[in-house]
Amino acid sequence: MMEEAEPSGGVIEEETPPQDTNTNYNHADGDAASCPAVEGVPAPPPKRGPVVVRANNKNPASENLERVRQWSVATYKCTRQAVSERLGRGSRTVDLDLEPRLELLKDDRQRYDGVTKLAQTLANQLAQFSVTQKTLGDAFAELSLKTPPLHVEFTANADAQKFLSKSGETLTASLNAFTCDMSTLINKTIEDTMIDARRYEAARVEYDAYRVDLEELNLGPRDALTLPRLERAQKDFQSQRERYQRARDDLSVKVRLLQENKVKVLHQQLWLLHAAVAAHASSCHAFLEECAAALGDPDCPPPSWLEES
């Protein structure tokens, strides 16, 4: 009996997928960059080297604490120096050229301020006086119309008061201009220099504080503990000395420029004020003389009705 052969469909052979002959993938290298991207399959991420993160050794809290500590130490030294100077116990640095000029500037400022206040008071009073003169002149003019026998006299006095009032207004304007320029000189120009003077004084106190601290350390013993403090004090003293010298030089230049500017401004303003006062006085005097000449000698009043009767 013959065995029947199994049909060919009983044995299933797996077909291997066709390989791309152009594939060039180096397995030995393991380099993903050399492997082409297959459609539908994402390319593997590129290899990256190690990332180095640098740590910040500075702590903001410690920095703030150190700044507060330095500020506290500097404030304590400056306060101690200022108190010792007021009590007459501590020594202070004196600039024999700059400080006398500062004292003279303070005295001049006080005197200029007094003159400015007096000029402003005079301007206010003169303005009120001019208003009163104008009102009086209007009253004389009204009476000249209502009193025909005294028309000339009332009119002359009305014109005189009105002229004096107008001239007073001009003088008031000149006084106001003078006080305005003086206020600018005092409150802006001189005040700007005084601000620099206060900064210079603060730098001087701080310089003296570090100088005294260095002198005290130099008088003490020198060992392994005090030498670092002495070096740090010497460094701080040198820094404060440079700051003090810069403030002194800047202030000295500013005071010299202020002196020249002050003389020019005062020279001009004083002459303008003098010319305004002289013009007011001469114009008033000339007008009153013209009025008196126009009126002539006063006529004798007419006899009364009793004398006529």
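The values are calculated or read from the model by the stated rules, or taken from the named source; none is laboratory data. Model, not experiment: these values are computed from the prediction. So basically every Cβ, Gly included, is an ideal-geometry build from the backbone, and we count neighbours across all protein chains shown. With ligands, DNA and RNA removed, areas are computed over all heavy atoms of the protein, side chains included. Shrake-Rupley method; radii C 1.70, N 1.55, O 1.52, S 1.80 Å.
Within the range 64-92, the set of residues being in a helix (DSSP H, G or I), at pLDDT 75 or above and open to solvent by less than 70 Å² (accessible area, probe 1.4 Å) comprises 72, 74, 75, 77, 78, 81, 82, 84, 85.
Residue-level check: of (1) over 30 Å from residue 198 (Cα atoms); (2) free of Cβ contacts under 8 Å to residues at least 24 places away in the same chain, residue 184 misses just (1). Residues that are closer than 16 Å to residue 291 by Cα and polar (S, T, N, Q) were ranked within the range 145-164; the one that is surrounded by the most Cβ atoms within 10 Å (Cβ to Cβ) is 161.
Conditions (1) assigned to a helix (DSSP H, G or I); (2) under 20 Å from the mean Cα position of the chain (by Cα); (3) hydrophobic (A, V, I, L, M, F, W, C), marked per residue:
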residue: 149; (1), (2), (3): yes, no, no
residue: 158; (1), (2), (3): yes, no, yes
residue: 183; (1), (2), (3): yes, yes, no
residue: 195; (1), (2), (3): yes, yes, yes
residue: 205; (1), (2), (3): yes, no, yes
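One residue alone among 123, 139 is open to solvent by 40 Å² or more (accessible area, probe 1.4 Å), assigned to a helix (DSSP H, G or I) and not β-branched (Val, Ile, Thr), and that residue is 139. What number of residues in the range 210-264 are over 21 Å from residue 103 (Cα atoms), surrounded by 12 or more Cβ atoms within 10 Å (Cβ to Cβ) and hydrophobic (A, V, I, L, M, F, W, C)? Here the count works out to 6. For residue 108, the criteria (1) open to solvent by 60 Å² or more (accessible area, probe 1.4 Å); (2) part of a helix (DSSP H, G or I) hold in every case but one, which is (1).
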